[in-house]
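Here is the structure we will look at, set down as structure tokens.
Read the figures in this text as sums done on the coordinates, not as results from a lab. If you're wondering where the values come from, they're calculated on a predicted model, not measured in any experiment. Glycine gets a Cβ as well: all are built from the backbone with ideal geometry, and neighbour counts include every protein chain shown.
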Ligand SMILES: Nc1ncnc2c1ncn2[C@@H]1O[C@H](COP(=O)(O)OP(=O)(O)OP(=O)(O)O)[C@@H](O)[C@H]1O
Ligand SMILES: [Mg+2]
């Protein structure tokens, strides 16, 4: 992607939305004035399947130049929200716009929005190269773009000749990412893109998406795995039971989490317990050591003052993981969920 193709977006967008959320400045070539365009904006989105509400009054924005992580447990409503964004599922209420337009109203959408929803959704009898070639033709792109993308996602010429039904999960995922990037879009919407990738592949994808965002692109990626999102996302949106339960940067989310918990091992637990007691910190046995309700710095100071040698000291707070589990606890399941089938999928 080059310096960021905002001007192209302008040409296609006679009436960009101007609002107060998060915007991309877009220069109009004729008037040389800058207009502001929201890249992804979801407003009061609801999706019901019969009596079941899969997406419940969701509002959010994704900003250009940032990776936004869409995090939630199984069945939280991530894919449904993304399908609505990509015009594949009609919403019951509310709207999802990209650059101020609904996906279905964007001319040649693949040139603006790269979508990866289900890497296996392509025809299994086509080769990887055929799938990309068809995509390139549909978007009016030169055939050379196919080779470029195969190289970007590290699919070898041999692998590109193989039929999709013989692709491994990770290879399908790489092809899906190649397909999403084909039209050099300004926005990427990726549903569980790391699914099936090996550790090197996950690292590669992280670097790819970071540099894409650094060049001004907007990335929304979903995952049910906190660590995956935590490592890459500038903004995190937590969804549970179809509802947004928290959003912000990792630091903002962590600000609401109690960090005062330490795991500690020492050469003299009796003395350390006495010191913790005297300081008014609660404690309990944890494995070979102690769990003390105080931040690691405070426990370190306590041990220093009590002249106790520590052999291990670390934070016992699971931070974001605790927050994630707590905020989405209603949707954590112990028994398999039976979904109502049918509806517009
Ligand atoms: N066509 C449909 N008909 C009925 N219910 C549906 C349909 N599509 C999705 N649902 C339900 O909506 C809820 C949200 O599903 P969705 O696929 O959006 O979850 P998700 O957050 O992507 O989960 P996962 O992490 O497992 O991919 C689920 O309970 C699912 O069963
Ligand atoms: Mg999903």
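Efficiency by 1/(1 + (r/R0)^6): what FRET value for residue 298 and residue 95, r their Cβ-Cβ distance, R0 = 45 Å, to the nearest 0.05? Mind dumping the intermediate values first?
Numbers: r = 49 Å, r/R0 = 1.09.
Efficiency for this residue pair is about 0.40.
Fewest Cβ neighbours within 10 Å first, please rank 48, 285 accordingly. Show your work: numbers first, answer last.
Values: 48 15, 285 10.
Lowest count first: 285, 48.
Looking only at the range 174-299, where both bridge partners belong to it, what percent of the DSSP beta bridges are antiparallel (to the nearest 5)? Please list the in-between numbers first.
Working: 12 of 17 bridges.
Restricted to the range 174-299, the bridges split so that about 70 percent are antiparallel.
How would 103, 70 line up from fewest to most surrounding beta-carbon atoms within 10 angstrom? Don't jump to the answer; show the numbers that get you there.
Working: 103 20, 70 30.
Neighbour counts put them in this order, fewest first: 103, 70.
Calculated FRET efficiency, residue 152 and residue 225, Cβ-Cβ r, R0 25 Å, to nearest 0.05? Numbers along the way, then the final one.
Details: r = 24 Å, r/R0 = 0.95.
The value I calculate is 0.60.
Nearest-5 percent of antiparallel DSSP beta bridges in the range 41-254?
Antiparallel bridges make up about 50 percent of those DSSP assigns within the range 41-254.
For residue 329 and residue 252 in one chain, what is 0.36 nm times their gap in residues minus the Cα-Cα distance, to one decimal in nm?
Working: separation 77, 0.36 × 77 = 27.72 nm, distance 2.02 nm.
Extending this stretch completely gives an extra 25.7 nm.
Expected output is a single nm value to one decimal: the length gained when fully extending between residue 57 and residue 279, i.e. 0.36 nm times separation in residues minus the C-alpha distance. What is it?
On the way: separation 222, 0.36 × 222 = 79.92 nm, distance 4.67 nm.
Stretched out fully, the residue 57 to residue 279 stretch lengthens by 75.2 nm.
Please find the FRET efficiency linking residue 305 to residue 169, where r is the Cβ-Cβ separation and R0 is fixed at 56 Å, and quote it to the nearest 0.05. Write out the running numbers ahead of the final one.
On the way: r = 55 Å, r/R0 = 0.97.
The pair residue 305/residue 169 has a calculated efficiency of 0.55.
How much length, in nm to one decimal, is gained on full extension between residue 203 and residue 137, taken as 0.36 nm per residue of separation minus their Cα-Cα distance? Numbers along the way, then the final one.
Values: separation 66, 0.36 × 66 = 23.76 nm, distance 3.05 nm.
So the chain would gain 20.7 nm between residue 203 and residue 137.
For 67, 153, what ranking results if the residue with the fewest other Cβ atoms within 10 Å of its Cβ goes first? Don't skip to the answer; put the middle values down first.
Values: 67 25, 153 22.
Fewest to most other Cβ atoms nearby, the residues stand as 153, 67.
Obtain the nm distance between the two label points defined at residue 108 and residue 286 by a simple spin-label model: each point lies 7 Å from its Cα along the Cα-to-C-beta direction.
5.7 nm
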